[in-house]
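Right, one structure below, let's go through it.
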Amino acid sequence: MFFEKFELFADAPNAVAQMRELVLQLAVTGKLVEQRKIEGSASDLMQEIRAERAALVAARKIKVRKSAPVEIDEQPFDIPAAWRWARLSEVGYELGQKVPDRRFTYIDVGCIDSDKGRISERVEVMEPNEAPSRARKLVSRGTVIYSTVRPYLLNIAIVERDFEYEPIASTAFGILHPLSGINNRFLFYWLRSMPFTAYVQAGMKGMAYPAINDEKFYSGYIPLPPTAEQKRIVAKVDELMALCDRLEAQQQERDTRHVALARASLSRFAEAPTPANLDFLFHKSYPITPADLRKSILTLAVQGKLVPQDPRDEPAVVLLERIAAHKAELSNEGKLRGSTSVSPMDTGEGGYELPPTWVWVRFGEIMVNRDGERVPVSREERATKAKTYDYYGASGVIDKIDGYLFDKPLLLIGEDGANLINRSTPIAFMARGKYWVNNHAHVLDGLTEDFLRYIELHINAINLEPYVTGSAQPKMNQAKMNGIPIALPPLAEQRRIIAKVDQIMCLVDQLETQLIVSRAAAEKLLEATVTELVRTNGDGQNDRVATRAATKETKVVAV
């Protein structure tokens, strides 16, 4: 049922990873294969391995490790009647330690391929005098090794081959060489399961390199089926994991194709931004991320490719004259503060060819900077009066205080912070109403509100990194900002661009909402299917599938 429904929830976050977790969950709780009375009981198996362990201890081949029964309140879930709870120290043993005295193969944590659960080919052959102090634990073919340092990384493997030189593992590993009747792959799968991972996470100590000690590791519990059932469980897990691998490969191939189709659609729209080509951006078979869509739309807007040019529009050079006259008037009235001088634009500096009615200008030529009217908030005022709040996505820039500073629509541009470079959110935004601005944003005025809105989308469309100083604490000062090249269209075309951007961004917002709803529905279906599959047959009661020490709660969604 799970694999048949996979396509329905394939878009759920980490769908294949959750499928693998489910397979292991079903396997270790006795729900992956049926139980067969003819295969006997794990109680008989336990008697046999106790006898074998006693013989090994008597022969001084292994050391004694005390083990206590797994009490009811320790058991994380119910197991079939023929199974038994045991300690890891009861089902496997250590092969001892030695200081290397001849050439050897060193198995360190870095040699483990955690995804495949194998020892990679990157093991080192070392001379005794090269041996690190951690090279001590003996292993052999069939041994299961478990990294007790940062165990949540699942650096677990089975020693599946013989080595030319004696293999010696790091003391960072817990060593389990299985006793007769214990399938090492069943043991391996149990160590990778969520219940055991929850157990070790609850017992970890340390901050930089959290780990569990050997005593805690060997005291860990394991649900033990009869030997024949262990083999059948392992065979079924191997089969289902192979299917998961195939599904994952198919997903990756599909995603690769989707990326290629998305790029082709964006390129097609950029070359010819027609309504027909716009439809390709919203094609259901290869969803383009909303972030990529927004970026492409803004880029096309400031390149003159989003709306057609109208030869009847007043050209941008006339708009420049009006802006110059407006700034001269403000200067005469003493309302133009700070330096606005900028170097003229060099030929080709803009980076792309503009429509005939557009013109390249520098930011400082066309904007009125009102930073000088800001009043910085003192530490005392911030503690007693000011309260930063989210204003049009401008958290940390606009503050509530007893009064206000500005009472008209103005453009704010972030002055510092990593967002100047990584652009996870817009860096320029309009502020309206009555408000006060702190010293984390530049405050800009202009000829009209439509003009400011065009500059807003232009700043959000371009790369600002060339105008930013500092890397640890990026900052864009007024002089750097004034040098930014701006592709300026006629005022009438600016209005058409803004209207078109608003229209398309509304579609992008709807697409983003649909994607969120779709993924949430896929995740709920995934959870519901998991719940249905792990539900106990017969009485309808849910198993205690999550350990009491688990840090991750299991969500139950009604089917």
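The set of residues from region 101-118 being touching a Pro at 6+ places or on another chain (Cβ under 9 Å) and either touching a residue at least 40 places away in the same chain (Cβ under 8 Å) or within 11 Å of I156 (Cα to Cα) (or both) comprises R102, R103, F104, T105, Y106, I107, D108. Please specify each residue of region 114-130 satisfying the condition of being within 19 Å of S147 (Cβ to Cβ) and surrounded by 12 or more Cβ atoms within 10 Å (Cβ to Cβ). Answer for region 114-130, where residues must be within 19 Å of S147 (Cβ to Cβ) and surrounded by 12 or more Cβ atoms within 10 Å (Cβ to Cβ): S114, G117, R118, I119, S120, V123, E124. I'd like to check something: does region 2-9 contain any residue that is in a helix (DSSP H, G or I) and at pLDDT 90 or above? Taking every residue of region 2-9 in turn, none turns out to be in a helix (DSSP H, G or I) and at pLDDT 90 or above.
Of all residues in region 73-88, none are modelled with pLDDT under 85 and within 26 Å of D214 (Cα to Cα). The C-beta contact set for region 287-309 (first residue touching a residue at least 12 places away in the same chain (Cβ under 8 Å), second residue in a helix (DSSP H, G or I) and of a type in the set (F, W, Y), distance under 8 angstrom, 6+ apart or interchain) comprises S296/F269; L300/F269. Across region 461-514, the qualifying residues are those that are of a type in the set (S, T, N, Q) and within 21 Å of A316 (Cα to Cα), and the one among them that is surrounded by the fewest Cβ atoms within 10 Å (Cβ to Cβ) is N482. Screening region 438-540 for helices (runs of 4 or more DSSP H) wholly inside it with 3 or more residues that are assigned by TED's automatic domain parsing to the domain that holds N14 and at pLDDT 80 or above returns the ranges 491-534. Which of the residues that make up region 411-437 are of a type in the set (D, E, K, R) and assigned to a loop (DSSP other than H, G, I, E, B)? Result: E415, R423, R432, K434. Can L88 be described as surrounded by 14 or more Cβ atoms within 10 Å (Cβ to Cβ) and in contact with a His (Cβ under 7 Å, 6 or more places away or on another chain)? So L88 does not fit the description; no. The residues of region 199-222 include none that are under 26 Å from E34 (Cα atoms) and touching a Ser or Thr at 6+ places or on another chain (Cβ under 7 Å). Of all residue pairs spaced 6 or more apart or on separate chains, those with beta-carbon atoms under 6 Å, a first member in region 57-70 that is under 19 Å from S43 (Cα atoms) and a second member that is among the small types (G, A, S) and surrounded by 12 or more Cβ atoms within 10 Å (Cβ to Cβ) are S67/S89. Scanning region 136-149 for residues that are among the hydrophobic types (A, V, I, L, M, F, W, C) and surrounded by fewer than 22 Cβ atoms within 10 Å (Cβ to Cβ) yields a total of 2. Which of the residues spanning region 331-365 are surrounded by 14 or more Cβ atoms within 10 Å (Cβ to Cβ), at pLDDT 85 or above and not in a strand (DSSP E or B)? The answer is L354, P355, T357, W358, F363, G364, E365. Restricting region 150-176 to residues that are over 26 Å from the mean Cα position of the chain (by Cα) and charged (D, E, K, R) leaves a set whose member that is surrounded by the most Cβ atoms within 10 Å (Cβ to Cβ) is E166. Residues in region 218-257 that are among the polar types (S, T, N, Q) and more than 16 Å from I182 (Cβ to Cβ): S219, Q250, Q251, Q252, T256.
In region 34-53, the residues that are touching a residue at least 24 places away in the same chain (Cβ under 8 Å) form Cβ pairs under 6 Å with partners that are of a type in the set (F, W, Y), at six or more places apart or across chains, as follows: A42/W83.
The values are calculated or read from the model by the stated rules, or taken from the named source; none is laboratory data. As the structure is a computational prediction, the values presented were derived from the model and not from experiment. Every residue, glycine as well, gets a Cβ built from its backbone with ideal geometry; the counts of neighbours run over all protein chains shown.
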